[in-house]
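Below is one structure; the comments refer to it alone.
The values are calculated or read from the model by the stated rules, or taken from the named source; none is laboratory data. Worth saying up front: this structure is predicted, and the values here are computed from it rather than measured. Quick reminder, even Gly has a Cβ in these numbers, built from the backbone with ideal geometry, and neighbours come from all protein chains shown. Note: areas computed on protein heavy atoms with side chains; ligands, DNA, RNA excluded. Shrake-Rupley method; radii C 1.70, N 1.55, O 1.52, S 1.80 Å.
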Amino acid sequence: YFISSLVCFALSLLSKAMAVPLAVVIVLIDFFYSRKFSLRLIWEKIPFFVLAIISGVIAIHAQQVKDLVPGNSHWTLAERLVLASHNFINYLILLIAPHDLSILYPYPAKLNFYHWISFGLIILLISGLHYFIVKKFPFTASQKIYLFGFLFFTANIFLVLQILPVG
């Protein structure tokens, strides 16, 4: 099963870059099922991370060579972080209450005040999550499910946030 899952992962990376988060997701699944931390557990994840990193490097290099970087390339890193935090909060809202769904969410012409507020909210969310993890460990079953769900959502939405401009 290991070889077949690795081959399927490699094939999925060749078709779409959104397969990259699978490497993180399988670590989350180990957390969810309370697999005992061991050297074997680390070794079975390394090939997935190596393939994901190679795929990412190739994608970034290919876009720099062909100048295919999307419309957010003129934003500074700080501005991209603000946009990513705003988009993350929007995706959370769309998860709970889907409305005005689209296949394309264009970048704004300029950053507004509410974009910066979103950045502050993300800082509060990360701080709260850190507090929750430190104070509540070991978790109850329901806490573990909520934490797994949130981290699963975050890992899978991370590439869409375009912190690093990749089309």
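A count restricted to the range 16-30 and to residues that are part of a helix (DSSP H, G or I) and at pLDDT 90 or above stands at 10. Pairing residues of the range 93-119 that are within 25 Å of residue 149 (Cβ to Cβ) with residues that are in a loop (DSSP other than H, G, I, E, B), at Cβ distances under 8 Å and at least 6 apart in sequence or on separate chains, gives 94/101. Applying the condition of being hydroxyl-bearing (Ser, Thr, Tyr) and outside any helix (DSSP H, G or I) to the range 85-110 and asking which residue is modelled with the lowest pLDDT yields 105. How many residues does the range 115-142 hold that are within 9 Å of residue 85 (Cα to Cα), open to solvent by less than 60 Å² (accessible area, probe 1.4 Å) and not hydroxyl-bearing (Ser, Thr, Tyr)? Adding up the residues that qualify gives 3. Here the range 50-78 is the region considered, the condition is being modelled with pLDDT of 90 or more and open to solvent by less than 100 Å² (accessible area, probe 1.4 Å), and the residue that is nearest to residue 150 (Cα to Cα) is 52. Among all residues of the range 142-157, there is none that is at pLDDT below 85 and of a type in the set (Lys, Arg).
Just checking, how many residues over the range 1-49 are among the acidic types (Asp, Glu) and under 16 Å from residue 151 (Cα atoms)? Walk me through it before giving the result.
First, the residues of the range 1-49 that are among the acidic types (Asp, Glu): 30, 44.
In the following step, the residues that additionally are under 16 Å from residue 151 (Cα atoms) were identified as 30.
Qualifying residue count for the region: 1.
In the range 73-85, the residues that are more than 9 Å from residue 164 (Cα to Cα) and in contact (Cβ under 8 Å) with a residue 40 or more places away in the chain form Cβ pairs under 6 Å with partners that are in a loop (DSSP other than H, G, I, E, B) and open to solvent by less than 60 Å² (accessible area, probe 1.4 Å), at six or more places apart or across chains, as follows: 84/163. In summary, residue 148 fulfils each of the numbered conditions (1) touching a residue at least 40 places away in the same chain (Cβ under 8 Å); (2) closer than 15 Å to residue 81 by Cβ; (3) over 11 Å from the mean Cα position of the chain (by Cα) with the single exception of condition (2).
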